[in-house]
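Here the structure is laid out as structure tokens; the discussion comes afterwards.
Laboratory data are not the source of any read-out in this text; all were calculated from the coordinates shown. Note that the structure is a prediction, hence the values are computed from the model and not measured. Cβ: placed from backbone, ideal geometry, glycine included. Neighbour counts: every protein chain shown.
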Protein chains: 2
Amino acid sequence: MVRPKPDTDLLQFLKHVSLDCVVFGFHDNQLKILLTRIKNTELWALPGGFVRKEESLESAANRVLNERTGLDNIFLKPFNVFGDPGRSEKNPIANEIIISGVNNGLEWFNQRFISVGFYALVDFSKAVPSPDIFSDLCIWKNLNETSSLILDHNKILNSALETLRLQVNYQPLGYNLLPEKFTMPELQNLYETILGKDLDRRNFQRRMLSFKILNKLEERKTGGAHKAPFLYEFNLQNYRQALQNGLYGGW
Amino acid sequence: MVRPKPDTDLLQFLKHVSLDCVVFGFHDNQLKILLTRIKNTELWALPGGFVRKEESLESAANRVLNERTGLDNIFLKPFNVFGDPGRSEKNPIANEIIISGVNNGLEWFNQRFISVGFYALVDFSKAVPSPDIFSDLCIWKNLNETSSLILDHNKILNSALETLRLQVNYQPLGYNLLPEKFTMPELQNLYETILGKDLDRRNFQRRMLSFKILNKLEERKTGGAHKAPFLYEFNLQNYRQALQNGLYGGW
DNA sequence: TCAAAAGTGTTTGGTTTACACCCATGA
DNA sequence: TCATGGGTGTAAACCAAACACTTTTGA
């Protein structure tokens, strides 16, 4: 097997094209975003990368996310393109590049980039974040801790959030963001967090169950205070089917 | 004023990046798509183009569409990115390029392209289609006449259609696709065409009016057979407001 | 034993659906 | 004059919002 050249050989990538990933996870009743901290700085960025000359965009995104999370077969979708001239000017990574002496690094990062934004949904409990060669840290942040990212990454993040909200009835959010087994309150909390509003506990449950996309398990989630809630899992077959038409309704 | 260099100078554009436009119009109760026919062939393509080095993606799309339709301020949105390796191999335009002797043309068209797909909504009655330098014809086609486009343009078209259907409650489709004054049956027909199913005439009208986004005019549309229907126009202020939350409902 | 979370059920009111009826127009 | 399309109205079915009561649990 031929080992891929290391990422420091920038000539293997398409010029002018990059990708940025907004990786969503859910933990402690909070929507989390995966961020990297650029080496020798306090600056935060979305995980991103470039596209190899013989690689599809989706493969590139998968590769990048695999490197950042250790996961395979991540659920991801392109949601927008960011291509304003000047958007990638003064990229702080360029400084890091100079320091680490990557070949043609400065020239590369001074290009104008058209960046394809992907959003990804991952199981928080399974992801193992790890930084790339430009960063010294890669961790989950709460949404309210993402206020000043580099370049136009806040714009990209907001665009992803907007897409997530619009597609809440058309994408398998719960399936990808929650562990295999979860409780109804956890699922509700996820929806409340994404939609940014409270939902009635009883109506939510009735509605969710009416979709016939959940299997109720015998087990309950013990350990927490208060009454132990039942565990559910997704009925994948019915779920995919139901999403074809959208989980109709305006929450 | 400095005149822009002619399009035959390909070096003024970003490498590896292109854009393809799915332009929708509505006429004779049919959804129409703008297509170009490649010179010296019977091959049809979506209108497309490249991105100047100092130009935003949106400006590039606007420029291309202005050239193809004569219209300014066209409603357009990026809806997807198409970047599979090989998608732009064997581009039939390359032959045309050889014939017309464009500088570096063959090399240019043999690149791998990441193409940004835009969909546009235009008033059929106002657009004046005209071909680009690679085509000898630019005309409206019905959806059912678009079966074998070049490269992956059918895939792009289908993706645009899917987006249109998903966004039917969130985008000002009627406002951009219909003339200023239109009848309720025309509006209904537009929705039926996009959604691909029949709607009840009376319920459609009640619902549309309940959104408060239409001004009913005194005039009626005369000339057709049968009872003359009233004309309406959009109440732009209310329309924009209403679209913020989506025209709730599952048709 | 009590506050807080979770399971289950019911009432109510608005919305959507499925219709019926009348009017206008050109063939 | 009549078939067809358009304007207006209504009853029934359905669904979603609001709310009550009971059960379980750890502090």
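Annotations
- Top of B:Thr193, B:Thr36, B:Thr222 by mean-square fluctuation, Gaussian network on chain B, Cα under 10 Å: B:Thr222
- GNM top mover of A:Ala160, A:Ala45, A:Ala94 - chain A, alpha-carbon springs below 10 Å: A:Ala94
- Gyration tensor (alpha-carbon) shape descriptor, the protein assembly as shown, a/c threshold 1.5: oblate
- Per-copy distances of the A:Asn103 label point, shortest first, in nm (7 angstrom along Cα→Cβ): 3.1
- Counting Lys and Arg as +1 and Asp and Glu as -1 over every other residue whose Cβ lies under 13 Å from the Cβ of A:Leu121, the net charge comes to +2.
- With both labels modelled 7 Å from their Cα along Cα-to-Cβ, the A:Ser210 to A:Leu137 distance reads 4.6 nm.
- Each other copy places its own label point for A:Asp72 at 5.6 nm from this one, sorted shortest first, where the point lies 7 Å along the Cα-to-beta carbon line.
- Fraction of antiparallel bridges per DSSP, the protein assembly as shown only, in percent to nearest 5: 75 percent
- Comparing B:Phe75, B:Trp44, B:Ile194 along the charge dipole axis of chain B, the residue lying farthest to the positive side is B:Ile194, per the Cβ-charge model.
- Cα centroid separation, segment A:102-174 to segment B:6-68: 30 Å.
- Peptide B:150-162 shows a mean partner chain C-beta count of 0 within 10 Å per residue C-beta.
- Only helices enter the 222 nm calculation for chain A: every DSSP H run of n ≥ 4 contributes -39,500 (n - 2.57), and dividing by all residues gives -9000 deg cm²/dmol, rounded to 500.
- Take B:Ser130, move 7 Å from Cα toward the beta carbon, and the resulting point lies 5.8 nm from the same point in each other copy, nearest first.
- Footprinting exposure proxy for A:Cys138, A:Cys21 (fewest neighbouring C-beta atoms within 10 Å first): A:Cys138, A:Cys21
- Peptides A:54-63, B:196-205, A:109-118 ranked from most to least packed, by the mean per-residue count of other Cβ atoms within 10 Å: A:109-118, A:54-63, B:196-205.
- Whether segment B:173-245 is rounded, prolate or oblate, judged on the alpha carbon gyration tensor where a/c under 1.5 counts as rounded: oblate
- Taking the fewest neighbouring Cβ atoms within 10 Å as the starting point, the ordered list for B:Val168, A:Val64, A:Val23 is B:Val168, A:Val64, A:Val23.
- For segment B:173-245, a crude dipole built from +1 on the beta carbon of Lys and Arg and -1 on the beta carbon of Asp and Glu, taken about the Cα centre, is about 240 debye to the nearest 20.
- Globularity index of chain B, i.e. its alpha-carbon radius of gyration over 2.2 N^0.38 Å: 1.11
- Comparing B:Pro185, A:Asn154, A:Val64 along the charge dipole axis of the protein assembly as shown, the residue lying farthest to the positive side is B:Pro185, per the Cβ-charge model.
- Computed from point charges on the beta carbon alone (+1 for Lys and Arg, -1 for Asp and Glu), the dipole magnitude for segment A:1-115 about its Cα centre is near 80 Debye.
- Number of partner chain Cβ atoms within 10 Å, mean per residue of A:111-118: 3
- Residue order, fewest to most beta carbons within 10 Å, for B:Asp123, A:Asp72, B:Asp9, A:Asp20: A:Asp72, B:Asp9, B:Asp123, A:Asp20
- Our summary gives segment A:10-166 a relative contact order of 35 percent, counting only alpha carbon pairs under 8 angstrom and 6 or more residues apart.
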